[in-house]
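Worksheet: the structure to be examined is printed underneath.
The values are calculated or read from the model by the stated rules, or taken from the named source; none is laboratory data. Fair warning: this is a prediction, and the values are worked out from it, not measured in the lab. Cβ: placed from backbone, ideal geometry, glycine included. Neighbour counts: every protein chain shown. Areas reflect the complete protein model, heavy atoms only, side chains present, ligands, DNA and RNA absent. Shrake-Rupley method; radii C 1.70, N 1.55, O 1.52, S 1.80 Å.
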Amino acid sequence: MSATTIPVKQGIYHKAGSLRRERRWALWTAYLSLIVSAIIMLAPPVYMLLTSLKTSAEVADQSGSPWWVSSPTLENYWALLGNRMFIDFFLNSAKVTIAVVALTMVISVLAAFALGRMRFWGSQALATGVFLTYLVPDTLLFIPLYQIVGGLGLLDNAWGLVLVYPTLTVPFCTWIMIGYFASIPKELDEAALIDGANWMQMLWKIFIPVALPGIIAATIFAFTVSWAAFVYPTAFITSPAEMPMTIGVVSQLIRGDTFAWGQLMAGALLAALPPVVIYAFLMDYYIAGLTAGATKG
Amino acid sequence: MAQVSLRKVIKAYEGGVQAVKGIDLEIADHEFVVLVGPSGCGKSTTLRMIAGLEEISGGDIAIGGTIVNDIPPRDRDIAMVFQNYALYPHMSVYDNMAFGLTLRKFPKAEIDKRVKEAARILDITPLLERKPKALSGGQRQRVAMGRAIVRDPKVFLFDEPLSNLDAKLRVQMRTEIKKVHQTVKTTTIYVTHDQVEAMTLADRVVVMNHGVIEQVGPPQELYHHPATKFVAGFIGSPAMNFIPARIEEASGALNVVMNNGTTLAVPEDRVARYRPHAGKQVLFGIRPEHLTDDKTMDKSNLAPLSLTPEVIEPMGMETLAHFRHEGTEITARLDPSTPAEVGKPLALIAHMNQMHIIDPTTDKVI
Ligand SMILES: Nc1ncnc2c1ncn2[C@@H]1O[C@H](COP(=O)(O)OP(=O)(O)OP(=O)(O)O)[C@@H](O)[C@H]1O
Ligand SMILES: [Mg+2]
């Protein structure tokens, strides 16, 4: 600390104002790049929102600016929300995601605790192995997994996805949790052991509460992966009744070369809503957990 | 309340490091024993084996007469205070202290009574609702002690509990720990590398070095009758001076003769003890407080010598003078009124009835 602050103080002393100018510079650059990236990031969703508010006729009309809605309408939204099939897509997504997140977190937390804390022969190698499996992309995995899911009779069944997504989520979440548990001082579990806790109590009463920020980060990850999954449902699900949002919207609203643009955009926005809500809600907890300095005794 | 026995206890870590090499130690009920020694000598390892956090590679450990070698920590009925406190960060002070009792299914009323009582003893009652992060280092240390006290265990184990505190707080907490022990009287094993902490707290001090016990005894005994050169040099601050010398016999009396010819007479009551070593090379050990200026009242067994100070350190109530004598550092404690100057020979006296003669071949005090 002192080593870095002393030269700065000398800087102020010798040529007053230079620091402030430097700081203003840094702020300008920061804001400028933030604005540019915000525009780049927000342009697609804004365009989606605008398109979703247009009638098919207006979408097809090439004369005006595409960034302008002349007669905004919610008819695309009503059409989707009034459509039983669309509601089912949504429920399928929710069902699969909730099951996957729950399954992932139970497995990851238990696995991370065992691999990171209960030193046993080969636990190190096993932990590395778990991480390596995460590096295998799903585009490579879906063919063998198709065989397995087919063998179990779960093809074209939303529950088959619950079995498949954890191959993506569990390794990564386990890895996050091992890292988080590793940051908890060893004396904390020793104190708990002496206080009379068994392994389960130690996990439940000490590790999970202390590692809550990590658990929330892992939950967000599992949620995102599961909600946004596209390759696996495309490969494994064929009947509309079992489809999640991601492929349901695409498969039902694109008929041959007819694109129902307005409804597609409305569907995509509706599908993006839950992650946004969850992020906004859990991020608060996440940051609160971080600032609580939970791992410092 | 219980006694603790260690019999031929060995700890070998994977990779062949033998951290503890066969320790025998009997600790009586209510006793306060301090394990002290330099870094890496195996103090923590010994304590952790008693706690059950480290498996023992050989020997037996008994608590209250029961061999606990294979009993897990939670069933040994011990409590431990760690150097970094190890408070549960998500629990209030109250819950931190109550945790062990809750796990042991104590009735709510009993838990409440014990926590409040411990909080009173430690003077942390106003902090009970706070989280650890809202406490100062000293307060956290008190909570960690409170967590141990409420359990009313057979043995308290402390592993360098004060080394994260600043000097002033350390002295204050040291007194606090002593007070608590006088109140609750639980058998206590306390690890530190600070010999002042060891001397002030202990009923008996265990001096360890390289995985073995050098000497066990009450603080005063270790100070006055160290058994080995290591203990003689470790206990006491500033450390004892060791000056190469010879024991020489002259007409029935013995003298300690330094290499530069300085001759110091051995007190009569020690002549018989040292006679077998006459003519041999030894180390003459004398503490700085026994190498002083000529202002002392007790005039018996004083031997004069003259040395030239290299550094003078006035400490207020005393002055330390450092000399270099044939390659060895020598320190003397002077009365602050003594006019000592760097480079000017200084008349000193050695209190020969407080000296130690060490056999350099065995490093044992003769
Ligand atoms: N888990 C371990 N694996 C291998 N060697 C270890 C392990 N823990 C400690 N040691 C070694 O055992 C020896 C004794 O360690 P110990 O922690 O008991 O020392 P200590 O007396 O408590 O020292 P300090 O005052 O620095 O805490 C050291 O040489 C140390 O390197
Ligand atoms: Mg130690």
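Ignoring lysines fewer than eight residues from B:LYS168 along the same chain, the ones with Cα atoms less than 21 angstrom from its Cα are B:LYS178, B:LYS179.
Report the full-extension gain for the segment B:ARG120 to B:ALA347: residue separation times 0.36 nm, less the Cα-Cα distance, to one decimal in nm. Don't jump to the answer; show the numbers that get you there.
Details: separation 227, 0.36 × 227 = 81.72 nm, distance 5.51 nm.
Length gained, B:ARG120 through B:ALA347: 76.2 nm.
Between amide H atoms placed 1.01 Å from N, distances below 5 Å from B:PHE32 occur with B:THR188, B:ASP203, B:ARG204, all of them 5 or more places distant or on a separate chain. In this calculation the C-beta distance from A:LEU91 to B:ASP166 is compared with R0 = 41 Å, giving a FRET efficiency of 0.10.
Between B and A, buried accessible area from a 1.4 angstrom probe totals roughly 2000 Å², ignoring ligands, DNA and RNA. Counting only heavy atoms of the protein chains and using a 1.4 Å probe, A:VAL46 has close to 70 Å² of accessible surface. When the protein assembly as shown is described by a simple charge dipole with +1 on each Lys and Arg Cβ and -1 on each Asp and Glu Cβ, the residue from A:THR167, A:ASN198, B:MET91 located farthest towards its positive end is B:MET91.
Phi angles across the stretch B:312-323 convert, under the Karplus curve 6.51 cos²θ - 1.76 cosθ + 1.60 with θ = phi - 60°, into 3J(HN,Hα) values of 10, 10, x, 9, x, 7, 7, 10, 9, 10, 10, 10 Hz, Gly and Pro given as x.
If you rank B:SER57, B:SER251 by how much accessible surface each has, with a 1.4 Å probe, what is the order from largest down? Display every interim value, and only then the final one.
Numbers: B:SER57 65, B:SER251 125 Å².
Result of the area sort, largest leading: B:SER251, B:SER57.
Distance between the 7 Å Cα→Cβ label points at A:ARG20 and A:ALA79: 5.9 nm.
Give the calculated FRET efficiency between B:LYS105 and A:ASP284 to the nearest 0.05, with a Förster radius of 51 Å applied to their Cβ-Cβ distance.
So the FRET efficiency works out to roughly 0.90.
Think of chain A as a dipole: +1 on every Lys or Arg Cβ, -1 on every Asp or Glu Cβ, centred on the Cα centre; then among A:PHE207, A:SER71, A:PRO240, A:PHE207 lies furthest on the positive end. Per-residue Karplus couplings for the stretch B:337-346, computed as 6.51 cos²θ - 1.76 cosθ + 1.60 with θ equal to phi - 60°, are listed in order as 7, 5, x, 10, 10, 5, x, 10, x, 10 Hz, Gly and Pro entered as x.
On the beta carbon distance between B:GLU318 and B:ARG270, with R0 = 25 Å, the FRET formula returns roughly 0.40.
Classify chain A as rounded, prolate or oblate, taking a ≥ b ≥ c as the square roots of the eigenvalues of its Cα gyration tensor: rounded when a/c is under 1.5, otherwise prolate if a/b is larger than b/c and oblate if not. Mind dumping the intermediate values first?
Details: a/c = 2.56, a/b = 1.18, b/c = 2.16.
Taking the square roots of the gyration eigenvalues as a ≥ b ≥ c, chain A is oblate.
Per-residue SASA remark: A:VAL231, around 50 Å² accessible (1.4 Å probe; ligands, DNA and RNA not included). For B:MET208, the residues whose modelled amide H falls within less than 5 Å of its own, excluding neighbours fewer than 5 places apart on the same chain, are B:VAL36, B:GLY37, B:GLU214.
Here chain B exposes an accessible surface that is 52 percent carbon and sulfur, computed with a 1.4 Å probe and the other protein chains kept in place. For the protein assembly as shown, the solvent-accessible area with a 1.4 angstrom probe is 50 square angstrom per residue. Taking a Cβ cut-off of under 15 Å around B:LEU101, the surrounding Lys, Arg, Asp and Glu residues balance to a net charge of +3, with basic ones at +1 and acidic ones at -1.
Could you work out, residue by residue across B:65-78, how many beta carbons of other chains sit within 10 Å of that residue's beta carbon, and then give the average as an integer?
Values: counts 0, 0, 0, 0, 0, 0, 0, 4, 8, 8, 1, 1, 2, 1.
Averaged over the peptide's residues, the number is 2.
Here the dipole of chain A is about 1200 debye; that uses its Cα centre as origin and unit charges on the Cβ of Lys and Arg (positive) and Asp and Glu (negative).
Heavy atoms only, 1.4 Å probe, whole protein assembly: order A:TRP78, A:TRP227, A:TRP199 by accessible area, highest first. Intermediate values should be presented prior to the final figure.
Numbers: A:TRP78 165, A:TRP227 25, A:TRP199 105 Å².
Of A:TRP78, A:TRP227, A:TRP199, the descending order of accessible area is A:TRP78, A:TRP199, A:TRP227.
Just the number, please: percent antiparallel of the DSSP beta bridges in chain B, rounded to the nearest 5. Write down the numbers at each step before the final one.
On the way: 60 of 78 bridges.
Restricted to chain B, the bridges split so that about 75 percent are antiparallel.
Mind checking which lysines have their Cα closer than 29 Å to the Cα of B:LYS11? Skip sequence neighbours fewer than 8 apart in that chain. Candidates past the 8-residue exclusion: A:LYS186, B:LYS21, B:LYS43, B:LYS154, B:LYS229, B:LYS364. The magnitude of the dipole of chain B, with charges of +1 and -1 set on the Cβ of Lys/Arg and Asp/Glu and taken from the Cα centre, is near 1220 debye. Scanning chain A for DSSP H helices at least 27 Å long along the axis (C-alpha atoms) with a Kyte-Doolittle mean no lower than 1.0 picks out A:84-117, A:261-291. The residues neighbouring B:MET258, those whose beta-carbon lies less than 13 Å from its own, together hold a net charge of -1 under the Lys/Arg +1, Asp/Glu -1 convention.
When the other protein chains are added to the chain by itself, burial of at least 40 square angstrom of heavy-atom accessible area (probe 1.4 Å, ligands and nucleic acids ignored) affects these residues of the stretch B:105-151: B:LYS133.
Averaging sequence separations of C-alpha pairs under 8 Å and six or more residues apart, then dividing by the length of chain A, give the relative contact order as a whole percent.
About 27 percent, as a whole number.
Given the whole protein assembly as supplied and a 1.4 Å probe, what does the accessible area of B:MET258 come to in Å², nearest 10? Rounded to the nearest 10, that gives 10 Å².
Report, for the protein assembly as shown, the % of DSSP beta bridges that are antiparallel, rounded to 5. Before the final figure, lay out the partial values.
Values: 62 of 80 bridges.
Approximately 80 percent, going by the DSSP bridge assignments.
Modelled label-to-label distance, A:SER70 and B:ILE10, 7 Å Cα→beta-carbon offset: nm? Between A:SER70 and B:ILE10, the simple spin-label model gives 9.5 nm.
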